[in-house]
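A.B. asks: There's a structure below that I have some questions on.
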Amino acid sequence: MKTLFTLVLSLVVVFNLSAQGPNASSYDDKEDVKKVIESFFDGFHKQDSAAMKSLVADDVVLQTTGRNKEGKTLFRTEKFDKLISSITSIPDSISFEEKLTSFSIQVDRTMANAWVGYEFWLNNEFSHCGINSFQLVNFDGEWKIIYLIDTRGRAGCLEE
C-alpha cells in the first residue's frame with residue numbers, strides 16, 4: 001500500500017511539473033518585459049536617445065511591413081540609429097504619441113515575445129495603428145530588445 005501511494009504521489013508531481021511546459025514563465029518575467037517596452041516608449045516620447053539605447057541589444061534589428069495605396073506589401077529594414085535620429089529631430093512644435101493598446105507576452109527561459117497593439121497620434125490627430133512585435137533576450141538578468149517588427153495601417157484601427 002505504501003509503495004502504491006508513493007507511486008501515485010510521484011506521478012501526480014511529475015504530471016503537474018510537465019503540465020507547466022518547458023519553463024513556465026512567472027508573472028514577474030512578463031511584468032519585467034512589459035516594463036522594458038513601456039520604458040522604451042517613455043524614452044521615445046521624451047526623445048531620449050540614451051534611454052532608448054539602454055533598452056536594446058547592440059545589434060538590434062528593426063523592420064516594418066504594411067501595404068501601399070495600391071495594396072502591394074511593403075517590407076523594409078531600418079538601422080536603429082536612423083530611428084533615434086528621426087525621433088530626436090522632431091521639433092517641439094510637433095506632438096506625437098504612440099499609445100500602447102494591448103499586450104500579449106510569452107516568456108521561455110531567456111527569451112520573450114511581446115505582441116503590442118498601438119495607435120499613433122500626430123499633433124493630436126490619429127495617424128495610423130498596428131502591432132509592434134518585440135523579441136527580447138534576458139542577458140544575465142537584464143531584458144533587452146533584440147528585434148522589433150511593426151505593422152502600419154489605417155483600416156480597422158479606431159472603433160466607431
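A.B. asks: Of all residues in the range 83-135, which are touching a strand residue (DSSP E or B) at 6+ places or on another chain (Cβ under 8 Å) and part of a helix (DSSP H, G or I)?
C.D. replies: Scanning the range 83-135 gives a single hit, Leu83.
A.B. asks: For the range 86-112, enumerate the residues that are farther than 22 Å from Cys157 by Cβ, in contact with a helix residue (DSSP H, G or I) (Cβ under 9 Å, 6 or more places away or on another chain) and either without any contact (Cβ under 8 Å) to a residue 40 or more places away in the chain or open to solvent by 60 Å² or more (accessible area, probe 1.4 Å) (or both).
C.D. replies: Thr88, Gln106 - these are the residues of the range 86-112 that are farther than 22 Å from Cys157 by Cβ, in contact with a helix residue (DSSP H, G or I) (Cβ under 9 Å, 6 or more places away or on another chain) and either without any contact (Cβ under 8 Å) to a residue 40 or more places away in the chain or open to solvent by 60 Å² or more (accessible area, probe 1.4 Å) (or both).
A.B. asks: Follow-up question, since we're still on this one. Could you tell me which numbered condition Glu70 fails, if it satisfies all but one of (1) under 19 Å from the mean Cα position of the chain (by Cα); (2) modelled with pLDDT under 95; (3) of a type in the set (Asp, Glu)?
C.D. replies: Of (1) under 19 Å from the mean Cα position of the chain (by Cα); (2) modelled with pLDDT under 95; (3) of a type in the set (Asp, Glu), only one is false for Glu70: (1).
A.B. asks: Just checking, does the range 68-85 include any residue being closer than 18 Å to Gly156 by Cα and open to solvent by less than 50 Å² (accessible area, probe 1.4 Å)?
C.D. replies: yes
A.B. asks: Moving on to the next point. In the range 136-159, which residues are open to solvent by 80 Å² or more (accessible area, probe 1.4 Å), in a strand (DSSP E or B) and among the acidic types (Asp, Glu)? Steps first, please.
C.D. replies: At the first step, the residues of the range 136-159 found to be open to solvent by 80 Å² or more (accessible area, probe 1.4 Å) are 139-140, 142, 152, 154-156, 159.
Narrowing further to those that are in a strand (DSSP E or B): 139, 142, 152.
Correct list: Glu142 only.
A.B. asks: Somewhere in the range 19-38, is a residue part of a helix (DSSP H, G or I), modelled with pLDDT of 95 or more and among the hydroxyl-bearing types (Ser, Thr, Tyr)?
C.D. replies: The answer is no; no qualifying residue exists.
A.B. asks: Please verify whether the range 62-77 includes one or more residues that are farther than 22 Å from Asn113 by Cα and in contact (Cβ under 8 Å) with a residue 60 or more places away in the chain.
C.D. replies: yes
The values are calculated or read from the model by the stated rules, or taken from the named source; none is laboratory data. Small disclaimer: the values here were computed from a predicted structure and weren't measured. Virtual Cβ from ideal backbone geometry, glycine too; neighbours counted across all protein chains shown. Only protein heavy atoms, including side chains, enter the accessible area calculation; ligands, DNA and RNA are left aside. Shrake-Rupley method; radii C 1.70, N 1.55, O 1.52, S 1.80 Å.
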